[in-house]
Number of protein chains: 4
Amino acid sequence: MNFISDNVVGASPKILAAIAAANDGAAGSYGADAWTARVEAQLNAFFEREVTAFMVATGTAANALAAAAICPPWGTLLTHRESHVIDDECGAPEFYMGGAKIAGLPGMGGKITPETIDIHFENEPGGTRRPPIKGLSIAQGTEFGLIYSPAEIAALAKTCRKHGLRLHMDGARFSNALVALGCTPAEMTWKAGVDVLSLGGTKNGCLMAEAVIFFDPALAEDFRFKRKRAGQTLSKQRLISAQFEAFFDGDHWRELATHANAMATRLAKGLKGIPGLRLGWDQQINQVFPIVSQGLWDHLAAAGVKCIDWSETSLPSDSPVGEDEVVLRLVTSFVTTAADVDALIGHVKAYSAKP
Amino acid sequence: MNFISDNVVGASPKILAAIAAANDGAAGSYGADAWTARVEAQLNAFFEREVTAFMVATGTAANALAAAAICPPWGTLLTHRESHVIDDECGAPEFYMGGAKIAGLPGMGGKITPETIDIHFENEPGGTRRPPIKGLSIAQGTEFGLIYSPAEIAALAKTCRKHGLRLHMDGARFSNALVALGCTPAEMTWKAGVDVLSLGGTKNGCLMAEAVIFFDPALAEDFRFKRKRAGQTLSKQRLISAQFEAFFDGDHWRELATHANAMATRLAKGLKGIPGLRLGWDQQINQVFPIVSQGLWDHLAAAGVKCIDWSETSLPSDSPVGEDEVVLRLVTSFVTTAADVDALIGHVKAYSAKP
Amino acid sequence: MNFISDNVVGASPKILAAIAAANDGAAGSYGADAWTARVEAQLNAFFEREVTAFMVATGTAANALAAAAICPPWGTLLTHRESHVIDDECGAPEFYMGGAKIAGLPGMGGKITPETIDIHFENEPGGTRRPPIKGLSIAQGTEFGLIYSPAEIAALAKTCRKHGLRLHMDGARFSNALVALGCTPAEMTWKAGVDVLSLGGTKNGCLMAEAVIFFDPALAEDFRFKRKRAGQTLSKQRLISAQFEAFFDGDHWRELATHANAMATRLAKGLKGIPGLRLGWDQQINQVFPIVSQGLWDHLAAAGVKCIDWSETSLPSDSPVGEDEVVLRLVTSFVTTAADVDALIGHVKAYSAKP
Amino acid sequence: MNFISDNVVGASPKILAAIAAANDGAAGSYGADAWTARVEAQLNAFFEREVTAFMVATGTAANALAAAAICPPWGTLLTHRESHVIDDECGAPEFYMGGAKIAGLPGMGGKITPETIDIHFENEPGGTRRPPIKGLSIAQGTEFGLIYSPAEIAALAKTCRKHGLRLHMDGARFSNALVALGCTPAEMTWKAGVDVLSLGGTKNGCLMAEAVIFFDPALAEDFRFKRKRAGQTLSKQRLISAQFEAFFDGDHWRELATHANAMATRLAKGLKGIPGLRLGWDQQINQVFPIVSQGLWDHLAAAGVKCIDWSETSLPSDSPVGEDEVVLRLVTSFVTTAADVDALIGHVKAYSAKP
């Protein structure tokens, strides 16, 4: 039972088949192929407007390229102080931005509020002591499994406009957030004021399919050069585009994410009420964060449950972690089964029932 | 008939099957998977020594990361003035090196000689006017289809050591060069003095499989961070590794490259002797460069032959291109058929036979 | 009465005279001059060992170049979270390091302890999620006027060696710290384990004299290229070197810093005991940080006292700043007079005596 | 007799006196001082329009910052293939631009023509193989002592606009060019279409006074942050501004440059007609480039004449340098005397007269 991440599994059968189907024949390299053209049309339909899309190899590259598109080398990018962008990408955003500064903001569960941004600006010293703040990067959902409502995103976007910032959304788990909200892709992005989106397919059933989506064409200027310069322009780009085509076809993405989210909901419900265990953050997408005793974690590990522990810094202030406790991250995916989930719950209950 | 490049086709059936076979089950992300471990073992056997290998998404990234491994931001990298590194990667090496300078050296057919390097050093002004020269990057084969013999590589490596340079080999068409030379991978690389190699699989039957190979472990220090920071560490790395596993298994790479080279040889032989046409450079790997009249090119295009024109700067001095002439690049691959080649030759002969 | 900073005044008469005296005649450019050679000899004597020294134009450049000498583009530099390096140099260290990450550590009064570093390492997630930590930058004195004893520096250096870090000291107020400690320059630097030092003269009586000093010659390799590439190699370098020569001649630096420190001590003593006022941090060098009411600050401003307010984040935990209070920074220099200090104290007393 | 460069001498007496006069009293740091304000007003008058000016420490920094202002990290900057920017600044422009590419264009005597630019664009391959060309940097005067007429600059600017490029002028010897042309500063810059200028005072009588001048305010946006981030914002900026104030006051710059140019003219006239010697390029500013025998150079060196040899690549095609010949660079300055010049001529004549 592997709950370590949603990137430990391969592709959905449909997406794998699409790779095979795209293999034969000659096609233009570097994106000048029919698959890419079709995905671009799908994306326009998906977002209900014309967008500019660039396929890339990794989510890290998507985020770093997007960050560089909204923050110049001499600028500052705001993000949550425990965001993936600041903490898990080994300095890729700094590298792609050409040495810009990233300032980390606090916020429960990885979420940033307009007030936090306003306070940050109030504390700026003025003059030229700090690089000017140029952009905000938020994650939908966050590293702690939380999501922003369209209204919350719109409020952040309004605050961004007030301070002259561009808004980036890290959508590594875009599908899961969308399914959880039940809104349209447009409502969760450009209609709420998002300027550029990292749209991830890899964590939701693709082998490798990430894209940078621009809603503001001006921001996309020269981006094809920036992508190539980053070594992110695949010669046989149909490899990515074929995956995305299957991903969007017949709302396959929705099917996959709905399942993953449902498994997390089943898990959260099953865990709630078991003595000696509580959830660090609400379950909203495909992640569950129980706060457990070290003994329970050891018990689960011995039973073959694979998962990792997680940071407690962004817990709600009324949820302190005890000396002997640990926050676990349990991630479900399109291949997680109800049986897996129930078995995990069973292990927890068995441990809890011990005298 | 598409002779534009060896990256316009998909994967070989064996390699495509390997992707599908690698899809099921959970596996460690970011390279902690069984496929990657097996490829690493294969590479050690392939090179007859322990090597340090890193999979990446593109050949541009492989070259740029390798360049950065041998040349610091404040250094100068030498390469041929018409190399892929300097001319076709949209500044990726400069970006990855962090602003280092690339100095282009002259040389027939994209090949650099020890004398050229010595002359370059003799002309250096001293002091701190120029960034210190730190590395040399050569292509095996070159953009003009030529290859270095192991002895030529060893002579370049000796010159590099004399001047304190590290040696990188761009092996986007490594397999084709190896087959043409008939030597071992070891003889063409570390035994001849190569420090770091970009090993390309994409142009020889993979969908996307590139690797940076270090023969000097000291150069590989921290490289896992550099790769991650470049957005080149795939979460589902088995996608690349499975391709490489099939590529090396049973010398599949050799089979593919032998065919591609043979098709180019067939093409070159067929073209030789046709009036009004000559080859710009010797055919050594899977590329043929006929110098033809504009009229012939138009004729071929009308007949459905796809190919592109090429630079004439590095032609031998006795091969000037006439006013009405153009250098064509014809690239063969593992899917090129003898029938394709013969049809192309037929079109040329037909045009040539016109009154 | 200007207590805003020690960089609002010009040069000491002796240093100004040295600039004039160095003006005549031809001299080698870019540092190949007699003044530079003499300063290098002075520095060897000053530090009681051979050092490698490079003059630069600003303290920001000195710090940024030094940071880049100990931390590569793919690394992380540790420093205090309110250090000048992280907060006041507009991203210069990030720029010069080529996009490295700076991690801010907490600590009272801008000082870092070995324990803080150990805790930071314990919390590192491992793998390749974060750029590897390569160096530590400390300020002597800190932005809050505090200094490290040689024993404290040695303890930090020991912790650095344990974790494989190089140690940089930002010595913008090096002279003031040295005078306050009464130790030798050697004891405060290389004997305690410092690898590279930013030695500042500008804040202590020069017009523009900063240097990067290497105690480890290996770290200085290629530094002359790095400095030139940063636009920090002055063609008429004698302008800087002449200042430093006068600065070191006859321990002029000591004379200047002793006066500045004494004025701060006089100020701190005079302020202590006045009702409604306390010092945020101990006065150790040429800075005093009274915590005062907004009313007192307004009163001082109206009386012509110029100074700025300061961050309260690094105050001792038992020194909270009230709603109506503000932390002031008062900086003395070689031109501050006892009359200035006494007048300032007088204004404070007058306000305090009001009913 | 030192003819090595115009940066081997100190400051003019008037400029040195201005430094001393600016020393007393407190002044705002980082440019918030009265000297800087006055220089800004002088510059507006000098250029007959409002300009945005930033003082920096070196000409290399001025050029590199200006290059970065017109060419982003993912762009290409055009310049002469033997310009100071490409050949003598140790990669500073690449560093400041954040890894952009510099493409070197040919041209007699360091001068670029519109036709050369057009040809370069015609040869661009299209697609994303090369970073897009964003700017052109020309030197007034060139490394070979030649200057562009206002009409020539205007023609280049027109070509720049046609291709979407911004135009930078490296004015390290701006004064010398201006005096030689006899036109106004406005005519040589913005009226001809220059967007940004590196205005040098150091080579014409200052100790250290360089500025980046923007004629297009949009290009200057955020520049104060870029300068600070580059470690080029002096805390005691009055040091530079006081020099510039004296430089512009009463057209002191003109007086200095007129003398330097006159000495070069005297030298060129004196050398012409001496057997066995010819000038590589016309003498237009304060540099003379005789092509001499190695024997003559040895003779001059023995006589105490200091100068350096120079590149012959950009000589007119009808001026090949013989096996035993060398191109010398002789630079005059505001302190060069007619006696120095005549003595040098005398040495040449004496050698020439030998049997």
Selection count where residues are in contact with a Leu (Cβ under 9 Å, 6 or more places away or on another chain) and of a type in the set (Gly, Ala, Ser), scope segment C:1-60
9
Out of everything in segment A:234-243 that is more than 7 Å from chain B (Cβ to nearest Cβ) and in a helix (DSSP H, G or I), what residue ends up being nearest to A:Thr58 (Cα to Cα)?
A:Ile240
With the structure loaded, tell me whether B:Ile213 is outside the structural domain of B:Asp342 (by TED's automatic domain parsing) and β-branched (Val, Ile, Thr) or whether it fails that test.
yes
Residue that is of a type in the set (A, V, I, L, M, F, W, C), under 29 Å from D:Ser311 (Cα atoms) and in contact (Cβ under 8 Å) with a residue 60 or more places away in the chain, where the choices are D:Ala21, D:Ala27, D:Ala66:
D:Ala66
Does segment A:274-284 include one or more residues that are part of a loop (DSSP other than H, G, I, E, B), within 14 Å of chain B (Cβ to nearest Cβ), under 24 Å from A:Asn204 (Cβ atoms) and modelled with pLDDT of 95 or more?
no
Report whether or not B:Thr36 is within 14 Å of chain A (Cβ to nearest Cβ), free of Cβ contacts under 8 Å to residues at least 40 places away in the same chain and not hydrophobic (A, V, I, L, M, F, W, C).
no
Name every residue in segment C:197-253 that is charged (D, E, K, R) and under 19 Å from C:Thr184 (Cα atoms), in order of residue number.
C:Asp216, C:Glu245, C:Asp249, C:Asp251
Looking at the structure I just gave you, is B:Gly91 over 27 Å from B:Ala186 (Cα atoms) and not aliphatic (A, V, I, L, M)?
yes
Residues to consider are D:Leu146, D:Leu178, D:Leu136, D:Leu167; find the one that is assigned by TED's automatic domain parsing to the domain that holds D:Glu50 and in a helix (DSSP H, G or I).
D:Leu178
For segment A:98-106, state whether one or more residues are in a helix (DSSP H, G or I), of a type outside the set (A, V, I, L, M, F, W, C), surrounded by 24 or more Cβ atoms within 10 Å (Cβ to Cβ) and modelled with pLDDT of 95 or more.
no
For the list (1) more than 26 Å from C:Ser29 (Cα to Cα); (2) acidic (Asp, Glu); (3) touching a residue at least 40 places away in the same chain (Cβ under 8 Å), I need the number of the one condition that C:Glu210 fails.
(1)
Selection from segment C:9-21 of residues that are in contact with an Asp or Glu (Cβ under 9 Å, 6 or more places away or on another chain) and either surrounded by fewer than 23 Cβ atoms within 10 Å (Cβ to Cβ) or acidic (Asp, Glu) (or both)
C:Val9, C:Lys14
Filter segment B:203-230 down to the residues that are farther than 30 Å from A:Asp87 by Cα and surrounded by fewer than 24 Cβ atoms within 10 Å (Cβ to Cβ) and list them by number.
B:Phe215, B:Asp216
I'd like to check something: does segment D:288-298 contain any residue that is of a type in the set (Ser, Thr, Tyr), out of contact with any helix residue (DSSP H, G or I) (no Cβ under 7 Å at 6 or more places or on another chain), outside any helix (DSSP H, G or I) and away from chain C (no Cβ under 14 Å)?
yes
For segment B:109-119, give me each residue that is within 17 Å of B:Ala155 (Cα to Cα) and either in contact with a Ser or Thr (Cβ under 6 Å, 6 or more places away or on another chain) or buried (at least 19 other Cβ atoms within 10 Å of the Cβ) (or both).
B:Gly110, B:Lys111, B:Ile112, B:Pro114, B:Ile117
Exception for A:Leu256 within (1) more than 14 Å from chain B (Cβ to nearest Cβ); (2) surrounded by fewer than 22 Cβ atoms within 10 Å (Cβ to Cβ) falls at (2)
Considering each of B:Ala27, B:Ala22 in turn, give the residue that is in contact with a Phe, Trp or Tyr (Cβ under 7 Å, 6 or more places away or on another chain) and within 10 Å of chain A (Cβ to nearest Cβ).
B:Ala22
Name the residue, out of B:Arg161, B:Arg166, B:Arg173, that is more than 24 Å from D:Glu82 (Cα to Cα), of a type in the set (D, E, K, R) and within 13 Å of another protein chain (Cβ to nearest Cβ).
B:Arg173
Exactly one condition in (1) more than 20 Å from B:His80 (Cβ to Cβ); (2) at pLDDT 95 or above is false for B:Val331; which is it?
(1)
Are any of the residues in segment A:214-226 under 18 Å from the mean Cα position of the chain (by Cα), closer than 30 Å to B:Asn63 by Cα and not in a loop (DSSP other than H, G, I, E, B)?
yes
If I ask for residues that are away from every other protein chain (no Cβ under 14 Å) and either out of contact with any strand residue (DSSP E or B) (no Cβ under 9 Å at 6 or more places or on another chain) or loosely packed, with under 14 Cβ neighbours inside 10 Å (or both), which ones from segment D:300-320 would you list?
D:Ala301, D:Ala302, D:Ala303, D:Pro316, D:Ser317, D:Asp318, D:Pro320
Counting only residues that are among the small types (Gly, Ala, Ser), within 14 Å of chain D (Cβ to nearest Cβ) and in contact (Cβ under 8 Å) with a residue 24 or more places away in the chain, how many does segment C:217-233 have?
1
Segment C:1-17, residues that are under 24 Å from the mean Cα position of the chain (by Cα) and more than 7 Å from chain D (Cβ to nearest Cβ)
C:Met1, C:Phe3, C:Ile4, C:Asp6, C:Ser12, C:Pro13, C:Lys14, C:Ile15
If you go through D:Leu271, D:Leu296, D:Leu234, D:Leu267, the only one that is in contact with a strand residue (DSSP E or B) (Cβ under 9 Å, 6 or more places away or on another chain), among the aliphatic types (A, V, I, L, M) and under 21 Å from D:Glu323 (Cβ atoms) is D:Leu296
Of the candidates B:Ala57, B:Ala67, the one satisfying the condition of being facing another protein chain (nearest Cβ under 7 Å), of a type in the set (Gly, Ala, Ser) and under 30 Å from B:Arg229 (Cβ atoms) is B:Ala57
For segment C:233-241, check the following and say yes or no: at least one residue is at pLDDT 95 or above, of a type in the set (Gly, Ala, Ser), within 27 Å of D:Ala209 (Cα to Cα) and out of contact with any Phe, Trp or Tyr (no Cβ under 8 Å at 6 or more places or on another chain).
no
A:Leu165 versus (1) touching a residue at least 24 places away in the same chain (Cβ under 8 Å); (2) at positive phi; (3) not acidic (Asp, Glu): which is the lone unmet condition?
(2)
Please determine whether any residue of segment A:45-63 is surrounded by fewer than 19 Cβ atoms within 10 Å (Cβ to Cβ) and out of contact with any Pro (no Cβ under 9 Å at 6 or more places or on another chain).
yes
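The values are calculated or read from the model by the stated rules, or taken from the named source; none is laboratory data. All values reported here derive from a predicted model rather than from experimental measurement. Positions of Cβ are backbone-derived with ideal geometry, glycine not excepted, and every protein chain shown enters the neighbour counts.
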